[in-house]
Amino acid sequence: MTVKEIFETMDYGPAPESSKEALAWLASKGDFGHFIGGAWTAPGTLFAVMNPATDTLLAQVTQGTQADVDAAVKAARKAQPAWAKDGHARAKVLYALARILQKQSRLFAVLETLDNGKPIRESRDIDVPQAVRHFYYHAGMAQIMADELPDRQALGVCGQVIPWNFPLLMLAWKIAPALAMGNTVVLKPAEWTPLTALLFADICNQAGVPPGVVNIVTGDGEVGEMIVTADVDKVAFTGSTGVGRRIRELTAGTGKALSLELGGKGPYIVFEDADIDSAVEGVVDAIWFNQGQVCCAGSRLLVQEGIADVFYTKLKARMSGLRIGDPLDKCIDIGAIVHPRQQARIRDMLAAHPEGETFQTTAPSGCYFPPTLITGLAPASPLMQQEIFGPVLVATTFRTPVEAVEIANSTRYGLAASVWSENINLALDVAPKLVAGIVWVNGTNMMDAAAGFGGVRESGFGREGGWEGLTGYTKPVAAPAKTRSIAAHTGDGGAGGLDRTAKLYIGGKQARPDSGYSRAVYGPKGALLGHTSLASRKDLRNAVEACNAAKGWAKSSGHLRAQILYYMAENLSARATEFATRLKSLTGSDGTAEVEASISRLFSAAAWADKYDGQVHDVPIRGVALAMKEPVGTIGILCPDDAPLLGLISAMAPAIAMGNRVILAASQPFPLIATDLYQVLDTSDLPGGVVNILTGDHSDLADPMARHMDIDAVWAFADPALAKGIEVAAAGNLKRTWCGALDWSRDNTKAILPHATEVKNIWIPYGA
Amino acid sequence: MPQDPTAASGAFPVTTKEHLPRNPGMPLDMDWVMSAQANTSAIERRAATLPGRRSVKKDYQAAWLCKAISLIDLTTLSGDDSAGRVQRLCAKARQPVAPDLLEALDMTGLTTGAVCVYHDMVETAVAALAGSGIPVAAVSTGFPAGLSPFHLRIAEIGESVAAGAAEIDIVISRRHVLTGNWQALYDEMAEMRAACGDAHVKAILATGELGTLRNVAKASLVCMMAGADFIKTSTGKEPVNATLPVTLTMIRAIRDYHDRTGIYVGYKPAGGISKAKDALVYLSMIKDELGDRWLQPDLFRFGASSLLGDIERQLEHHVTGSYSASWRHAIG
């Protein structure tokens, strides 16, 4: 077209970004080996890496083998102790990585777009700058670690498996905090998108990363599995919930630290008093960012009924203006789908569920998928529940804020959510009620190194970014305690005095065990001390129902929870002698000190109840990111065999102080001290259902507890042989597990609090 | 008789697709006005990311820059304006770009959209532009503060129209917005519109003095309801003049008004747009938010004085491949 013709049509025309430099870099490298111990290995069995936008070959990359993974882990293991020594030295290296990434930003951006198909605008303006930011931010964390985290140390070697949707950015999210805390890494980029990781390997040497600190091994899911099962201390995975489950099972019982950042089906809630045009524009960034291949995408649109028609009309008009095509074009909104297999997945999922009314714009031929809106769906529609991972928005309506929250939370996922309203009261009321790790008020897809990212429910666990993200890459300096499994005493004596019946404690009432079985409990010298009920899975089920009925506890004030914990301490203190005597009768040792310590633990938990503050993160927006600490939910706790009173109270008190409800499986050999506690609980104003106590065999309770879909976490301080089974079963709803041991003679309250809370980041941009 | 700007805004090319009906206005709809929302952060984000999302290159960029020229209200609004100064400006409006460059682009005959002057300069400008088809716009109603006696403001409009102004840029009473007196704003605007007769009226909101984007949105709606043909950001004399967030707020109000009434209202950002690149961003924002129809002089103008100079340099670069110098282009 001539200038004169364009003057009339006012078309945009092509605005291509050159791929010359990136292709030249690829050509200079030839076939890729792995990056292990600071050097490139010879290429092995190769697989092709394609440009999805053009279906052309970009490079040949090596499929990793067990030997490759072993070599990488060995190199990382060797490099780790020296790397962990000097925070300032690490800071300098991370700073250099940030600088070099920044200096090579266009090369990284173009290579990312070639490999992944995302628009150059996104790789240039979002992926690469955010990756740079992560290295800067964590350079600082390395610098101040010794002062600010004196009780924490590196985990060791981290195995990291990252997805194809943000290849470089996910690498940065994984590598920067790991390195900052003194870990070394073996990272596997996604099979479809390994190239920026290989370019990153190239700059590691330039930045002075010591050999072995960063190792990059390429390959498919099998290689990922090799890394997960290798001799690593931590596995960090971002990807699908299905694979996350598999990794949970593979790492079960190994003692490896694990963080999983999985799928999502983010609600995008628009209230009638929202700035509708801005909310429509927000949808573009929510679901048509990166072709919708975003775990935290706002993929479920919830619009208040009264504005639904207007909203849909405006949204369709906006969709028609989206430009889809050559990802290297600087004037393109939507690029290529990462791979024809992903394109087929999206297509097949829509074809399998022809529900609602579909509005779709057009897409070029090839590996593209047009922006799609499906309205008129109900929460029960599969498309409202399943993650599509493509540019497909599904929509439904709601009437009230309560209903919006209900629909939003009617999902297995819990990663991110958006709330649009100009009413601060409404927005700030709804945001904390959404089950998600991240909530954006009047915004979407905001991320920063200073704010934790990660989910709840089946979106996984652990946080990346912020102070909260460092927990996943460190462990306590103190040597771990050993769990002791103690056998119950036996005997054949009879009881003296009036028979007392110790039932189960469920919903604030004593309940007979569903099984109808009890077991005699003997003292160390064989005296019959009483009977204890044998709880079964049905009693556990009832206890979970009781926990659900006590949900209000989570919303009660820290002050109130503190008052109740103090009251419990008061009532325990009043009966200290009785409890000490009972302990002696059960264990044979004097119980006075244990009772006193238990009272002290209740005081500690009460003290923390209103002091475990959240944070306001310094994110680069005009606004705040509130890192709010929320209770995990319902926690099942297998109490330690030893310290039957102190262990139970030490674990229970911090949990309920943070607003959780707990189901305690009492010390297996010494259960009667727990059943004695019922009356203390009854007289301390504790709402029924907040604390539930079961007695019986841990081996009977561990599995149904770990399997129960409505239990959010399991802490097992009992028989270590149960850990593996618990962690395998926990994969069902991806509940958090903590199988470990604590030295109960010490006050571990503060160390327990992070386990008892989830950090939710609420982003609140503002402006008059 | 005032000229009809929609019929011949510039001698070349005739780009206006059809003759649109003027905005007849409508009764003040307070429910609509009060429901207007503008989320500043979200609007700023959209504005901030747009330049990264849209890009026009090579011939397309040249064509877009020519389009920008055709949309400029070439303006002088200074206390020291004189007949000679205005005649010079009008000559530039007729020949905004060196003839050889326009020839190379096959855009000979391109002119600016209009010339914008104070009332006292209207006759001079009309005479200087005779036969060019370029309309003269007059700022009016006690520009820029709009605080002279109301009857004088109304009378000023009549005099400018009588002097040959085809377009009247009025200023609204900011205090009506700041005190939430929407009825007063509506009445004022309606009366000014009536005083314009056949001349088109551009309502200057002076957005830099309205406090919030929500006020900008509401004032935009009220002025359109009262019959404004155009809504315009600024006098150029406020501390902050045209910005992309303000633009987004105003053109979304225009879009809403069109969606509900079918009426096309024009938009004019004024003040602070001095770079060719900025002009391209504005045009892409209009194209994406309002649509191509608004990229014509009957619905869009830049109020600018120095923008043209930068565009000329970019066009020369496009034609010759060498970066240009300002002294190679005749001043206005």
Rounded to one decimal in nm, the spacing of the 7 Å Cα→Cβ label points at A:Asp220 and B:Ala194 is 8.0
Which ³J(HN,Hα) values, rounded to whole Hz and listed in residue order, are derived for the stretch B:207-213 from phi using the Karplus coefficients 6.51, -1.76 and 1.60 in 6.51 cos²θ - 1.76 cosθ + 1.60 with θ = phi - 60°, glycine and proline given as x? 4, x, 10, 9, x, 9, 5
List, largest first, the extents of the alpha carbons of the stretch A:267-468 along their principal axes, each in whole Å. 46, 41, 33
Roughly how many percent of the accessible protein surface of chain B is carbon and sulfur, given a 1.4 Å probe and a whole-percent answer? 54
Explain nothing, just compute: Karplus ³J(HN,Hα) = 6.51 cos²θ - 1.76 cosθ + 1.60, θ = phi - 60°, for every residue of the stretch B:217-230 in order, whole Hz, x for Gly and Pro. 4, 5, 4, 4, 5, 5, 5, 5, 4, 8, x, 5, 7, 9
Report the far tail of the P(r) of the stretch A:510-575, meaning the percent of Cα-Cα pairs longer than 13 Å. 76
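Can you quote the Å³ per residue value for the convex hull of the Cα atoms in the stretch A:575-638, rounded to an integer?
Numbers: hull volume 8.7 nm³, N = 64.
Taking only Cα atoms, the stretch A:575-638 has a hull volume of 136 Å³ per residue.
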Return the value, in Å² to the nearest 100, of accessible area buried between chains A and B (probe 1.4 Å, both sides summed). 3700
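Say R0 is 51 Å: what FRET efficiency, to the nearest 0.05, do B:Ala83 and B:Thr179 get from their beta-carbon distance?
Details: r = 41 Å, r/R0 = 0.80.
E(calc), rounded to 0.05, equals 0.80.
Given an 8 Å cut-off on Cα distances and at least 6 residues of separation, report the relative contact order of chain A as a percent. Present the calculation step by step, with values, prior to reporting the outcome.
On the way: 1844 pairs, mean separation 91.3, N = 768.
Value for chain A: 12 percent.
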Quick one: compute the contact order of the stretch B:167-261, relative version, from alpha carbon pairs under 8 angstrom and 6+ residues apart, as a percent. 30
State, as an integer percentage, the relative contact order of the stretch A:267-468 based on alpha-carbon contacts under 8 Å between residues 6 or more apart. 24
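Beyond 33 Å, what percent of the Cα pairs of the stretch B:58-329 remain? Don't skip to the end; give the middle numbers.
Details: 6361 of 36856 pairs.
Here the long-distance tail beyond 33 Å is 17 percent of all Cα pairs in the stretch B:58-329.
Hey, what's the per residue convex hull volume over the C-alpha atoms of the stretch A:436-552, in cubic angstrom?
Values: hull volume 23.2 nm³, N = 117.
Dividing the Cα hull volume of the stretch A:436-552 by its residues yields 198 Å³.
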antiparallel share of DSSP beta bridges within the protein assembly as shown, to nearest 5, in %, is 30
Which Rg and Dmax, in Å, describe the Cα atoms of the stretch B:184-316? 14.4, 49
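Decide, for the stretch A:341-387, between rounded, prolate and oblate: order the square roots of the alpha carbon gyration tensor eigenvalues as a ≥ b ≥ c, take rounded if a/c falls under 1.5, and otherwise choose prolate if a/b is larger than b/c, else oblate.
It comes out oblate by the Cα gyration axes.
If a/c stays under 1.5 just call it rounded; otherwise compare a/b with b/c (prolate if a/b is bigger, oblate if not). Do that for the stretch A:708-749, with a ≥ b ≥ c from the square roots of the Cα gyration tensor eigenvalues. The partial results should precede the final answer.
On the way: a/c = 3.62, a/b = 1.77, b/c = 2.04.
It comes out oblate by the Cα gyration axes.
Let me make sure I get this right: for the stretch B:234-281, a, b and c are the square roots of the gyration tensor eigenvalues over alpha carbons, sorted descending. Under 1.5 in a/c it's rounded, otherwise prolate if a/b > b/c, else oblate. Which is it?
Working: a/c = 2.70, a/b = 1.91, b/c = 1.41.
Here the stretch B:234-281 falls in the prolate category.
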Under 5 Å between amide H atoms, partner at least 5 residues away or on a different chain: which partners does A:Leu529 have, H built in plane at 1.01 Å? A:Val521, A:Tyr522, A:Gly523
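To the nearest 20 debye, what charge dipole does chain A have about its Cα centre, counting +1 at the Cβ of each Lys and Arg and -1 at the Cβ of each Asp and Glu?
Values: 69 positive and 79 negative charges, 263 e Å.
Using only the charged Cβ atoms, the result is roughly 1260 debye.
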Work out from phi, with θ = phi - 60° and the Karplus expression 6.51 cos²θ - 1.76 cosθ + 1.60, the ³J(HN,Hα) of each residue of the stretch A:314-331, listed in order in whole Hz, and give x for Gly and Pro. 5, 5, 5, 4, 5, 4, 5, x, 6, 9, 10, x, 2, x, 7, 7, 6, 10
If you consider only alpha-carbon coordinates, what radius of gyration and Dmax does the stretch A:91-236 have, in Å? 14.6, 44
Whole-number D in µm²/s for the stretch B:251-325 (Stokes-Einstein; Kirkwood sum over Cα pairs; 37 °C, 0.692 mPa s): 241
How big is the protein assembly as shown in terms of Cα radius of gyration and Dmax, in angstroms? 34.8, 122
Sorted peptide list for A:197-207, A:361-371, A:37-47, criterion being average Cβ within 10 angstrom, highest first: A:197-207, A:361-371, A:37-47
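Counting heavy atoms of the protein chains only and a 1.4 Å probe, report the per residue accessible area for the protein assembly as shown as a whole number of Å². Walk me through the numbers on the way to the answer.
On the way: 38800 Å² over 1100 residues.
Counting only protein heavy atoms, the per-residue value for the protein assembly as shown is 35 Å².
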Amide H of A:Ala511: which non-local residues (sequence gap of 5 or more, or other chain) have their own amide H closer than 5 Å, using H built in the peptide plane? A:Leu504, A:Tyr505, A:Ile506
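Give me the Kirkwood hydrodynamic radius of the stretch A:230-269, using the inverse of the mean 1/r over all pairs of distinct Cα atoms, in Å to one decimal. The partial results should precede the final answer.
Details: mean 1/r = 0.0901 Å⁻¹.
The answer is 11.1 Å.
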Long-range amide H contacts for B:Ile231: which residues qualify at under 5 Å (H placed 1.01 Å from N, peptide plane, sequence gap of 5 or more or a different chain)? B:Ala203, B:Gly266, B:Tyr267, B:Lys268
Given the stretch A:645-690, what whole percent of its Cα pairs are spread farther than 18 Å? 23
Between A:Ala721 and A:Ala146, what FRET efficiency comes out of the Förster formula 1/(1 + (r/R0)^6) with R0 = 30 Å and r the beta carbon distance, rounded to 0.05? 0.20
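The values are calculated or read from the model by the stated rules, or taken from the named source; none is laboratory data. Here the structure is a predicted model, which means the values were calculated and not measured. No Cβ is skipped: glycine too gets one built from the backbone with ideal geometry, and neighbour counts run over all protein chains shown. Accessible surface is based on the protein model in full, side chains and every heavy atom, while ligands, DNA and RNA are left aside. Shrake-Rupley method; radii C 1.70, N 1.55, O 1.52, S 1.80 Å.
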